Amino acid sequence: MSTVQPLDLAAGASGTALPGRRRRFRGLPYGLLLPAVAVIIVALGYPLVRQVWLSFHEFGLKQQFGQPAEWVGLANYVELATDPYLWEVLGRSVLFCLVNAAVTLGLGLFIALVMQAMSAGVRIATQAALLLAWAMPVLAVLTVWQWMFDTTYGVVNWALTALGGDFSGHSWLIEPLSFFGIATLIIVWMSVPFVAFTVYAGLTQVSTDAIEAAMLDGAGTLARVRHIMLPAIKPVLAVVGLLQIVWDLRVFTQIYVLQRAGGTASDTNLLGTYVYRLGIGEGSFGMAAAVAMFLLAVTIVLTSPYLVTMFRQED
Amino acid sequence: MKIRTGLGLAVAGALALSACGQPAATTAPVPGATTTPAASAAAPANIRVWLNGTDTPQEARDFLKKTFEAQNAGSTLTIEEQQWTGLVDKLTTALSSDSQTPDVVEVGNTQAATFTTVGAFADVTADLAGWGGDDLLPGFVAAGSVDGKTFAVPYYAGSKAVFYRKDLFEKAGLTIPTTMAEFVDTAIKLKAANPDKTKNFSGFWFPGKDWRNAVAFIWDAGGDLATNTGGAWAGALSASGSQAGLATVQKLFTEASAAPKDGDEADTWTPFCEGQAGMISAPGWVRGLILSEENGCPDMEKNLGVFALPGSDGSSAPVLLGGSNIAVAAKSPNQELARKAVTIMLSTEYQTILAKAGLTPAKVSLASLLGDDESAKATIAAASNARLTPAAAGWASVEGAMILEDFMVNVAKGGDIAALAAEVDAKITDKLK
Amino acid sequence: MKPSLPARILANAVGVVVILAAGFPVYWMVNTSFLPTRAIRASEPTWVPFGGSLDNYVRLVQAGDFTQALWVSLQVAVATVAIALVFAFLAALAVARFRFLGRKFFIVVILLIQMIPAEGLFISQYKLLEGIHLLNTVAGLTLVYVATVLPFTIWTLRGFVAGIPAELEESALVDGAGSVRAFFAITLPLLAPGLVATGVFGFIQAWNEFTLALVVMNSEAMHTLPVWLHSFTNTNRGTDWGAVMAGSTLMALPVIIFFMIVQGRMASGMVSGAVKG
């Protein structure tokens, strides 16, 4: 949805192309791209290509230490596709991802909308709190949340017991549903600040004229939100939503740490931890690469609507 | 005058720069098989030794460095501190790199087996005799050997003993159990009695993921985690001995312990200090933690007792032997010097320092160095019958996938042990094939 | 358009809830950093660290290595941000202002790269750095971090650049400035919010990354902060929780300071880029 016509080198004169300058610009875009492309190719190119190569080979720890790797074609992928456990993990991951993304977006949007109506002091304090949450190092975040829900010494159990419930010694991680509930709580807590800030900034840019006109026409708060604000920030929501889906599908650290703290690993694996356990836990690097490629494919499928729209827009 | 100062500065600068940089990569990497020709033995070099965590006391580290540098003029020894978590990542990358490989590494038992079978370590079979031969803890040597050749040797061992609350035992009228059956009985009675009326009290603190303690009961009953029949490894938890042991384990989980059913054994001293555990099974160094000002409860000292877990036949139960191994990296360019460092680490003087710090020495004959207080007696008794995890090449995968942790949690939840065992045996066999 | 009083009261109530929810774990982290380890894992939680002390902090800083790790982390993070911003800005210019063969392909590839899980890549990246002799150096680690944040940065900056009217540059060009100078003199300042937004993102990535730093930075002198902090959580003898929390607080401080300074510009920055994306 760009408001600017890019300088059209290939097709000749267009509205904004400047006369007499075309020739000189021909190599310029490539030159501008060069540094970024060079870094990406050097630092990511080889690893990514190797990743793809690995997925077609039998590559374990032995091969890491010098044994030749055997080409197995699609064998890794076939083994993946016929492994019922992988599909279980996939289903869980997609569901988890969609729930998290939806909750994060919903909460972030809600907070952003409400922030508009707060008194200045409260709003600044809210923004500061969200900022602190965003800036806290991941290790600290996970440790604190673990402690809060610790079975024996957690403050949550302590508080709930003090309020009269029988939660002493209650394990929050032992049942998968509860486990994922806690995981969602943590991930949403970590992701909402980003969404809230972005959407809030988007809202501040919504034209006040349109809103006042709507108010003059008698539109209530809800109507204003629904018909003026939401459409105006749809692009923002789309971008943020896309990112949430990409990130939540790949989620690894939070799940991995929680698995060490409690619950059963096989019931709580998502694609992120599954890739890791295959790769490092078992030294099956070839298989782990295949799962990573698989994860990439799933992500593309899940975000295809946005991809298609964006691709078309680029014309 | 000016020139000399300038030259001096330049030399100093060059030395400083070279000291900061990487150790110079040598030309031909040494293949993992035999010791190198005499040429590299003479060349002085900097030997890098990787030690993990805080087990090795500072006195031992100083001794190692001093002795090595005295014996090998011109060479230096640097100890690089590593952490256990993330160690496998570092070993996987560094040991397979010609330029980055350390010379000597400390690894856990499972890692010793894994990296041995993939050829990451140098063959030290020829050096075994000089290092102690049969005196080296046999289980560890087995873990580091494949096809009759040895690639990793024991460094120190540690096994678990049972720490108990003398005062609670007294109040409940219990005595130190001498057989396994008595132990189970004592634990259950203690929980029921709960002399101090503490909330969530456990007679025996037994978290659900703790397969490392559970395996002692399985072995005691004649079972095992996995067995090798005719060259093929398979899960063995469905065998009758294992089932009997698992029944004991489940009994303890459900009747003697109030520990979280999905908890792990990482922190046993906090419940002990909070008064929630009548007995805990923990490695010897936990004693130090319990008595420390920082982490523990020094006031508990007079109530702290220790005994070795008793087996069904009255001697010590076969507990899981923990500890570390040392190995020389196959790609290290300093094969001779690396072996000299290992020699020092296995020497009587060095091992004595370790023993004084509560670590069981790598040589059987040195066990007496541990002393003869209650703690040492318990450790020695426990170690006498201790065993290692199955020496299967793929055992690390079993641990990496947390198969046994998941299994134990389900047992702790009260599931049907026969059905659960059948399921987990299939998973284990699959990983080990 | 002032909201009505009841609306404001409700909104403020929601605000208080958010402050508590977002702030409590942070408060818990700081609170714990003043307590001795025994009080941290105990049946009775300690709400306010009366009688707590700076012991944990003292121990941390005294253990040595903290200032060294801080210095390394700063170098890597600042270098990552600086280089990534420059390269991404140039690339964003190219993609947003010019039409050329391969443009669409480039944009799609940039998006796809962001979707690849990173967990398996570190071994290949290690081999790569080894091959070009950049292991255990700030340069090596920075190179990989820059490549990791470039896709997101390019993608976001592209939107910002596209949102700046080309007429501004054109008038500069007509006035005789070279095209490159026009870009720098006109577009760049208007991009400030966007640069700040992506800069903060890149800073956090580089500041908190662990696994690659663990395997690439071999010598103790080159440890980054996350690797340094990790060494307190993994002694065989029980985790030093007080030190971990104190260390985490110390690690969070530079990020928070950085954030506070740029927060205003960042908010407006993120949205312009998003709207045009």
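The values are calculated or read from the model by the stated rules, or taken from the named source; none is laboratory data. None of the values given here were measured: they were computed from a predicted structure. Here the Cβ positions follow ideal geometry from the backbone for every residue, glycine too, while neighbour counts run over all protein chains shown. The area values use the complete protein model at the heavy-atom level, side chains included, leaving out ligands, DNA and RNA. Shrake-Rupley method; radii C 1.70, N 1.55, O 1.52, S 1.80 Å.
Conditions (1) at the interface with chain C (Cβ under 10 Å from one of its Cβ atoms); (2) open to solvent by 30 Å² or more (accessible area, probe 1.4 Å); (3) of a type in the set (Phe, Trp, Tyr); (4) over 25 Å from the mean Cα position of the chain (by Cα), marked per residue:
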{"site": "B:279", "(1), (2), (3), (4)": "no, no, no, no"}
{"site": "B:300", "(1), (2), (3), (4)": "no, no, no, yes"}
{"site": "B:307", "(1), (2), (3), (4)": "no, no, yes, no"}
{"site": "B:320", "(1), (2), (3), (4)": "no, no, no, no"}
{"site": "B:329", "(1), (2), (3), (4)": "no, no, no, no"}
{"site": "B:333", "(1), (2), (3), (4)": "no, yes, no, yes"}
Take the residues in the range A:206-232 that are small (Gly, Ala, Ser) and assigned to a helix (DSSP H, G or I); name whichever of them is modelled with the lowest pLDDT.
A:210
Note on residue A:110: of the conditions (1) touching a residue at least 24 places away in the same chain (Cβ under 8 Å); (2) under 24 Å from residue A:236 (Cβ atoms), unmet is (1)
Can you tell me how many residues in the range C:1-26 are more than 8 Å from chain A (Cβ to nearest Cβ) and surrounded by 15 or more Cβ atoms within 10 Å (Cβ to Cβ)?
1
Any strands (runs of 3 or more DSSP E) falling wholly within the range B:214-300 and containing at least 1 residues that are within 17 Å of residue B:319 (Cα to Cα) and touching a helix residue (DSSP H, G or I) at 6+ places or on another chain (Cβ under 7 Å)
B:226-229, B:277-283
How about the range A:20-115: which helices (runs of 4 or more DSSP H) wholly inside it have at least 2 residues that are under 30 Å from residue A:225 (Cα atoms)?
none
Unmet criterion (only one of (1) at the interface with chain B (Cβ under 8 Å from one of its Cβ atoms); (2) crowded, with 22+ Cβ neighbours inside 10 Å; (3) modelled with pLDDT under 80) for residue C:234
(2)
Among the residues listed as C:120, C:131, C:102, the single one being open to solvent by 20 Å² or more (accessible area, probe 1.4 Å), without any contact (Cβ under 8 Å) to a residue 24 or more places away in the chain, under 18 Å from residue C:209 (Cα atoms) and not aromatic (Phe, Trp, Tyr)
C:120
Of the residues B:150, B:186, B:179, B:175, only one is open to solvent by 50 Å² or more (accessible area, probe 1.4 Å), of a type in the set (Ser, Thr, Tyr) and at pLDDT 90 or above; which?
B:175
Quick check: anything in the range A:171-185 within 26 Å of residue A:236 (Cα to Cα), of a type outside the set (D, E, K, R) and open to solvent by 30 Å² or more (accessible area, probe 1.4 Å)?
yes
Qualifying positions in the range B:346-372 - open to solvent by 40 Å² or more (accessible area, probe 1.4 Å) and in a helix (DSSP H, G or I)
B:348, B:349, B:356, B:364, B:365, B:368, B:369
Counting just the residues of the range A:114-142 that are in contact (Cβ under 8 Å) with a residue 40 or more places away in the chain, within 22 Å of the chain's Cα centre (by Cα) and open to solvent by less than 20 Å² (accessible area, probe 1.4 Å), which one comes out farthest from the other protein chains (Cβ to nearest Cβ)?
A:142
Helices (runs of 4 or more DSSP H) fully within the range B:82-201 counting 1 or more residues that are of a type outside the set (S, T, N, Q) and not assigned by TED's automatic domain parsing to the domain that holds residue B:259
B:87-94, B:109-117, B:128-131, B:138-143
Looking at the range A:65-87 only, could you name the residues that are away from chain B (no Cβ under 14 Å) and acidic (Asp, Glu)?
A:70
Test set (1) assigned to a helix (DSSP H, G or I); (2) closer than 23 Å to residue A:256 by Cα; (3) more than 10 Å from chain C (Cβ to nearest Cβ) - residue A:151 fails condition number
(1)
Quick check on residue B:163: is it under 20 Å from the mean Cα position of the chain (by Cα), farther than 28 Å from residue B:396 by Cβ and of a type outside the set (Ser, Thr, Tyr)?
yes
Which one of the conditions (1) of a type in the set (Gly, Ala, Ser); (2) open to solvent by 10 Å² or more (accessible area, probe 1.4 Å); (3) within 21 Å of residue B:220 (Cβ to Cβ) does residue B:257 fail to meet, given that it meets all the rest?
(2)
Inside the range B:201-246, can you point out the residues that are modelled with pLDDT of 90 or more, within 15 Å of residue B:389 (Cβ to Cβ), open to solvent by 10 Å² or more (accessible area, probe 1.4 Å) and of a type in the set (S, T, N, Q)?
B:213, B:227
Given B:131, B:50, which one is over 30 Å from residue C:232 (Cβ atoms) and modelled with pLDDT of 90 or more?
B:131
In the range B:212-244, which residues are more than 20 Å from residue B:202 (Cβ to Cβ) and touching an Asp or Glu at 6+ places or on another chain (Cβ under 8 Å)?
B:218, B:234, B:235, B:236, B:237, B:238, B:239, B:241, B:242
Restricting attention to the range A:154-168, the residues that are within 32 Å of the chain's Cα centre (by Cα) and within 13 Å of chain B (Cβ to nearest Cβ) number exactly 2
Please go through the range C:38-65 and give me each residue that is open to solvent by less than 20 Å² (accessible area, probe 1.4 Å) and under 30 Å from the mean Cα position of the chain (by Cα), ordered by number.
C:56, C:60
